[in-house]
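None of the figures in this text is laboratory data; all of them are computed from the coordinates on show. Remember, it's a predicted structure, so these values are computed and weren't measured experimentally. So basically every Cβ, Gly included, is an ideal-geometry build from the backbone, and we count neighbours across all protein chains shown.
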Amino acid sequence: MNPSSLIMLTIAALLAGFVNGLLGQGFSSLMVPTGLLMAPARLLNPALVIIELPLNGGAAWLHRHRLRKLAGELAPFALALLPGVLLGVLMMRRLPDGLLKAACYGLLLLLVCAQFLGPHLARPSSGGPMPRWARIRFGFGTGALYGLTTISGPILAAYAHRRGYLKNDARAALAILRVLEGVLSLIALIPLGLIAPPYLRLAAILLPAALLGLLIGHGFAAKVEESGFRRLALGFNLLAVLAGLARALSPLTWIPAVVVPALWTGAALTALWLLFDWAPALFSRPGAST
């Protein structure tokens, strides 16, 4: 890889780490589409999996004082991740990849839109504890989706929204669950021979920038109000899902020609909305930290 591509990848890792520190998710959602412009998928994807474990481990450490509070709540969800991931990997080997990813992104788009239209978007839910079986169902579904597509951010955010977590609890919960996903991913990569020197070298180059971005984003998160954080997170998920659906549909020749450009246009408009409507919140007075 030439030096200019490495520099651009490092800048992308810094920005993606910032988003991850701000929202508790989003590193891969940004790094995959931008990184593939500069590096082949066979090199980039294993390196990103290697990076995500220390990155999300760092995020969990930043929220370490909340881990005990969330451990009991997240335990059924976390235990259901493993069988879900195994099922997802088995299905991935038997189903057509492009159509499968498009279907998953389509379902995620419906999920994100439903959250946008929800009546309690602007304030935390005041409902009681989620039943254990519901947490198991969420965890299993998240694991299956992750095993199929390596996508999980939007559904993890949906879980945090459903639980009515305030922003710091949401970011802590996402960090814990992403660490577990990272461990499962590394376990899956080792037998495939994908923890090798080329991937480790690229990960070692990009990880410092990602961690620096994480710290900066974590600091800026204190400036975002609770309602603004929820809309910012949902807006980013909408952007990521629209862009992912556009990429998944691009190779499918039977899709009407207007669909993919329309999705990219929607992603661009969402990005502009986030930039001009919510980015100023990063420089407003700090919100209440809980």
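Conditions: (1) in contact with a helix residue (DSSP H, G or I) (Cβ under 8 Å, 6 or more places away or on another chain); (2) hydrophobic (A, V, I, L, M, F, W, C); (3) under 17 Å from ASN45 (Cα atoms). ILE187 meets all but one. Number of the miss?
Against the list (1) in contact with a helix residue (DSSP H, G or I) (Cβ under 8 Å, 6 or more places away or on another chain); (2) hydrophobic (A, V, I, L, M, F, W, C); (3) under 17 Å from ASN45 (Cα atoms), ILE187 comes up short only on (1).
Scan the range 212-250 residue by residue and report those that are under 30 Å from VAL260 (Cα atoms) and of a type in the set (Ser, Thr, Tyr).
SER250
Give just the number: which of (1) closer than 28 Å to ARG137 by Cβ; (2) surrounded by 19 or more Cβ atoms within 10 Å (Cβ to Cβ) does MET31 not satisfy?
Checking MET31 against (1) closer than 28 Å to ARG137 by Cβ; (2) surrounded by 19 or more Cβ atoms within 10 Å (Cβ to Cβ), the one that fails is (1).
Take PRO208 and tell me if it is closer than 14 Å to PHE18 by Cβ, touching a helix residue (DSSP H, G or I) at 6+ places or on another chain (Cβ under 9 Å) and surrounded by fewer than 16 Cβ atoms within 10 Å (Cβ to Cβ). Steps first, please.
Details: closer than 14 Å to PHE18 by Cβ: yes; touching a helix residue (DSSP H, G or I) at 6+ places or on another chain (Cβ under 9 Å): yes; surrounded by fewer than 16 Cβ atoms within 10 Å (Cβ to Cβ): yes.
Criteria met by PRO208.
Could you list all residues from the range 152-188 that are surrounded by fewer than 22 Cβ atoms within 10 Å (Cβ to Cβ), outside any helix (DSSP H, G or I) and on the phi < 0 side of the Ramachandran plot?
Within the range 152-188, just LEU166 meets the criteria.
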